[in-house]
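I have placed the structure first, in the form of structure tokens, so that the comments after it can refer back to it.
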Amino acid sequence: MPDESIPHRTTMLLKGGRVLMPEADWNDPPQADIAIAGDRIVGIGSEYRLGDIRNVEIIDAGNHLVLPGFVNAHYHSHDVLAKGTLEEVPLETWRLYALPPQYPPRSAEEVYARTLLGALECLRSGITTIQDMLTLYPYEERNMDAVMKAYGEVGIRVVFALQYADRKGIETIPFWKDTFPTELHPLLSTAAEPERDLDLIGHFEATRLKSPPPPRVSWALGPSAPERCSPELMQRTMDLARRHDIPVYTHIYESRGMALQARLSLPQYSGLLIRRLAEEGVLDQRLNFAHSVWLSRQEIDLLAEHAAGVVLNPQGNLKMKCGIAPIRTLQDAGVRIGLGCDNCSCSDAQNMFVAMKLFTLLAAVSNPIPGPQQAVAALRAATEAGAEGARLGNVVGRIAPGFKADLTPIDMRDPTFSPMNSAARQLVHIEAGRGVRHVIVEGKVVVRDRQLTTVNESTIYDAVKTVMPGFRRDFATISQRVAKLQPWLDRAHRRIMAAELDIERLPFGSG
Ligand SMILES: [Zn+2]
């Protein structure tokens, strides 16, 4: 990169950082200046000369690593207020806490406060894009408006999907129907299930999809899980996704029970959900499968063949006693791998540094034979791959001219980076978010010196404090209800764990 004059239309210059450009060695990234005009990167030079250009905001990035903003590719803003409420719980039990349909309707104030708080946590840990797969139950337009208002004000980029399904949970979990007494069955549904009077996907298309999204928002679709969606609903989803060229996010095989259910209910597809989707003609590059812990080898090959991707969420998978995704097998097959932080009640941190570290550690135990270096792979999963899955691969996730200026400068004046032996490995194995100093989204500094610039942080904490008494009261009621179900939940869980399954996901298990 020769010394050169700064591009004429430059409005912001990030000067002297060590920049993780796509082709650079991320263990030893080069020093470079990044020129931004409005919302985009317009040039990267070794040492730009300002010449007679005026009105350029200069951000001193000396002693900083400059990363592409992280893409948190799996997140749900509906339970932000439930962070820290639960210890380890099996996934099937946890869903009754996280998505209870018996909650009284939430106020727009609560929805607004939780959306802001979740976005604040993400931004403060260097996340510039979130994929929010939101359950609004019962669906109310005013709550949807509150979500969009919060995101508009806070300034984060959002790939937004509503979560929906048309099959009841009790019908999709092994042994639940015959373990629980019939009178308890109505307590076993969750909010990601059919709404009685509303065709949610049709409503979303009519009210939102047909008009341009708000700034920094792009639309996506969120069928909850293939087993919770009929073939007709999956077909409708993919028709819509293809017509509008938008991504689709769904959950698959998070728990052993989900794989077992597929084996029991899909004999015509050899018990494989991915094969069902492939044969229904709905499997393509627009699909992102959150979790993918219990994929079989045949299904991994099908994902690669159809260019569909996965989004791994190691924090929640461990806490919900789910298992370890076959990371190395997915990598060897060439499947796109994004990373997410999932719900606040199961993960609980919205922190991609934690997700990246677990990714590398679990890659190590997912295969006993030493494999490729994983720190750079984790960083690319947390940036480029998440962007590609969102169909924003030419827009964000990389630091290159033409891309949106979504950037996270990390302060290296910290024990984390002294001595500097490898930027990639120290970012993944040592950094935990303390170094995130500024965050830039679409050319705007939304976090400066570790403080949100768009919304007063104190007003967010105050808004949360105001709504918490109501949330706590309702969460306590839900907890009491789940406690009553505990003996049967335990019995069903033991039956799931004891049943035979053709793969295991323990460290060094098959797959
Ligand atoms: Zn999820």
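The values are calculated or read from the model by the stated rules, or taken from the named source; none is laboratory data. Model, not experiment: these values are computed from the prediction. Heads up, the Cβs are rebuilt from the backbone with ideal geometry, glycines too, and the neighbour counts pull from every protein chain shown. The protein model used for the area step is the full one, side chains on, heavy atoms only, and it has no ligands, DNA or RNA in it. Shrake-Rupley method; radii C 1.70, N 1.55, O 1.52, S 1.80 Å.
Results for (1) in contact with an Asp or Glu (Cβ under 7 Å, 6 or more places away or on another chain); (2) open to solvent by 20 Å² or more (accessible area, probe 1.4 Å); (3) basic (Lys, Arg); (4) closer than 27 Å to Ala492 by Cβ, shown as yes or no for each residue.
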position: Pro226; (1), (2), (3), (4): no, no, no, yes
position: Ile246; (1), (2), (3), (4): no, no, no, no
position: Tyr253; (1), (2), (3), (4): no, no, no, yes
position: Gly281; (1), (2), (3), (4): no, yes, no, no
position: Leu295; (1), (2), (3), (4): no, no, no, yes
position: Ala308; (1), (2), (3), (4): yes, no, no, no
position: Leu312; (1), (2), (3), (4): no, no, no, yes
position: Lys319; (1), (2), (3), (4): yes, yes, yes, yes
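Go through the stretch 65-104 and give me each residue that's of a type outside the set (Phe, Trp, Tyr), within 16 Å of the ligand (Cβ to nearest atom) and within 30 Å of Val445 (Cα to Cα). If the condition is that a residue be of a type outside the set (Phe, Trp, Tyr), within 16 Å of the ligand (Cβ to nearest atom) and within 30 Å of Val445 (Cα to Cα), then Val71, Asn72, Ala73, His74, His76, Ser77, His78, Asp79, Val80, Ala82, Lys83 are the ones that fit. Candidates in the stretch 49-98 are the residues that are closer than 15 Å to Phe475 by Cα and among the β-branched types (Val, Ile, Thr); of these, the one that is most open to solvent (accessible area, probe 1.4 Å) is Thr85. Taking strands (runs of 3 or more DSSP E) as the structural unit, those lying wholly within the stretch 63-144 and holding at least 3 residues that are in contact with a Leu (Cβ under 7 Å, 6 or more places away or on another chain) and under 27 Å from Ile337 (Cβ atoms) correspond to 64-68. The stretch 293-336 holds helices (runs of 4 or more DSSP H) entirely within its bounds, and those carrying 1 or more residues that are away from the ligand (no atom under 16 Å from the Cβ) map to 297-306, 327-333.
Quick grid of which residues meet (1) of a type in the set (Gly, Ala, Ser); (2) more than 25 Å from Leu272 (Cα to Cα); (3) modelled with pLDDT of 95 or more; (4) open to solvent by less than 40 Å² (accessible area, probe 1.4 Å):
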position: Tyr461; (1), (2), (3), (4): no, yes, yes, no
position: Pro487; (1), (2), (3), (4): no, yes, yes, no
position: Arg495; (1), (2), (3), (4): no, no, yes, no
position: Ala498; (1), (2), (3), (4): yes, no, yes, no
position: Glu504; (1), (2), (3), (4): no, no, no, no
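Any residue in the stretch 185-196 that is polar (S, T, N, Q), open to solvent by 10 Å² or more (accessible area, probe 1.4 Å), under 30 Å from Ile478 (Cα atoms) and outside any loop (DSSP other than H, G, I, E, B)? Checked against the condition, which is being polar (S, T, N, Q), open to solvent by 10 Å² or more (accessible area, probe 1.4 Å), under 30 Å from Ile478 (Cα atoms) and outside any loop (DSSP other than H, G, I, E, B), the stretch 185-196 yields no hits at all. Inspection of the stretch 209-226 identifies no residue that is within 17 Å of Asp166 (Cβ to Cβ) and of a type in the set (Val, Ile, Thr). Per the listing Ala333, Ala381, the residue uniquely buried (at least 22 other Cβ atoms within 10 Å of the Cβ) and in contact (Cβ under 8 Å) with a residue 24 or more places away in the chain is Ala381. Being modelled with pLDDT of 95 or more and among the aromatic types (Phe, Trp, Tyr) is the filter; apply it to the stretch 141-175 and report the residue that is nearest to the chain's Cα centre (by Cα). Top of the filtered list is Phe160.
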